[in-house]
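Please treat every number below as a calculation from the coordinates, not as lab data. Only a predicted model underlies this, so the values are computations on that prediction, with no experimental measurement involved. Reconstructed Cβ throughout: ideal geometry from the backbone, glycine too, with neighbour counts over all protein chains shown.
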Ligand code: SF4
């Protein structure tokens, strides 16, 4: 037997899944839906004959009971693991399947599923939920027991909840909602099967956090520790959804403007820097500030001030609306002009064509910026640039690394948030190297259609993306088939930045007290 085998314990479940497969748009590939029978004993017997036939991929799909109150009938639970108390099977591709089911319009939760050998009695829901399981069934663990080495997933559509248990009149409407969800989920299981493969994964190195991002996150953590929650942060401390959510949980409050910060509060300026106007406003309001501006962004600010005071028109090469660009332009608004493209160079109107300087946003694509610099020096041959590169070491290294993996990959996945400039530039760099690339905040963002036929996958990560995200993506891919990973190292980094004096002084003070 090759292709996808879908195990459905009950006749109605098997029928719903077959209908869903038939209604699917496009080819679902080779799929066999097998009715495996009710309960663990029948499931174990079915698993033995299915295992002997060596399916290409295995999916267990049926209805199940929710163990937590936040699940509703019709929700799909994707198993991160399945356990019967003695044996646990990990389903590491769960985030990939969950993301695809969500994009298909289903409400989805990922978490452990427990398999039991009887219908739950009063009080047993709570006991099982206390183990961390979010749903319960009577067949998944034995059906998966012999699946080692075969890509496998489990989904259960919720038909009953702790508030509407299986032995209640609401089981009829719950069952109908669950079967409707199963039908909708069926073609997604086929797409998951089509994405399975053994793969080589090339990891771009360096990747993830740079020294400026590590410092900015540490500043917020220390501020929370030393001042207590809440600590206000103007703008996202770094452009990453996971980092921001983690710090919010710890007590940070992110605001767009200082007007949202109450009097007397502590406020942190983000790694992207602020204009002098924002600093003046904070001083006027008497706010206690800590500056997490990356020292390499602060260097560009200093260059802008120096050129402007020497009478230059400063062309800032960067992207409109980015916080770093807004902060740098604010250093000398009357003497600076934003240049986003070669075409913008024609709009520069210096009072003295012999006094033109150019600076850059730190996270630009090096090859793109070089074209704009050429246009500036063609038009103003005496134009002068920064003393040392504005595009920072971390941006340069990550772009070199993504170029190296793109050359050897069928597909490149870049971990990073949509508002992260340096992560976006990594996607563009990979695509300019001729390889399709996608930006993902996490494994759930990966569309299964991208993976079909991709045997070598490159993974890079922007300077604001946590390293753990890369680990989660590799783990999710390993649930689709054996993964061989290789680090492609183009540079090693040892840059570290010191903390701002406000936090250093308090740290030293508390150390002395101890
Ligand atoms: S990407 Fe570069 S400029 Fe931005 S925070 Fe990191 S080191 Fe600083």
Packing-based ranking, highest mean first, of 20-28, 289-297 given that Cβ atoms within 10 Å are counted: 289-297, 20-28
In square nanometres, what is one fourth of the surface area of the convex hull spanned by the alpha carbons of the range 344-440? 7.1 nm²
Exposure-ranked with fewest Cβ neighbours within 10 Å first, 159, 197 stand as 197, 159
Largest-first principal axis extents of the Cα set of the range 212-324 (Å): 45, 31, 22
When you count, for each residue, the other Cβ atoms within 10 Å and take the mean per peptide, how do 138-151, 275-288, 77-90 rank with the highest first? 138-151, 77-90, 275-288
Treating the angle as unsigned and between 0 and 90°, give the value, to the nearest 10°, between the Cα long axis of helix 241-250 and the longest Cα principal axis of the chain. 90 degrees
Computed helical MRE - 222 nm, the chain, DSSP H runs ≥ 4 contributing -39500 (n - 2.57), nearest 500: -12000 deg cm²/dmol
Once the Cα atoms of helix 171-194 and of the chain are each reduced to a long axis, what angle between those two axes, in degrees from 0 to 90 to the nearest 10, is obtained? 60 degrees
Rounded, prolate or oblate: which one fits the range 15-134, using the alpha carbon gyration tensor with axes a ≥ b ≥ c (rounded when a/c is under 1.5, else prolate when a/b beats b/c, else oblate)? oblate
Once R0 is set to 25 Å, what does the formula 1/(1 + (r/R0)^6) return for the Cβ-Cβ distance between residue 180 and residue 69, expressed as a FRET efficiency to the nearest 0.05? 0.70
Enter the angle in degrees (range 0 to 90, nearest 10) between the Cα long axis of helix 94-103 and the first principal axis of the Cα atoms of the chain, meaning the one along which they spread out most. 80 degrees
Convex hull per residue volume in Å³, alpha carbons only, for the chain: 187 Å³
For the range 42-104, what is Rg from Cα atoms divided by 2.2 N^0.38 Å, rounded to two decimals? 1.30
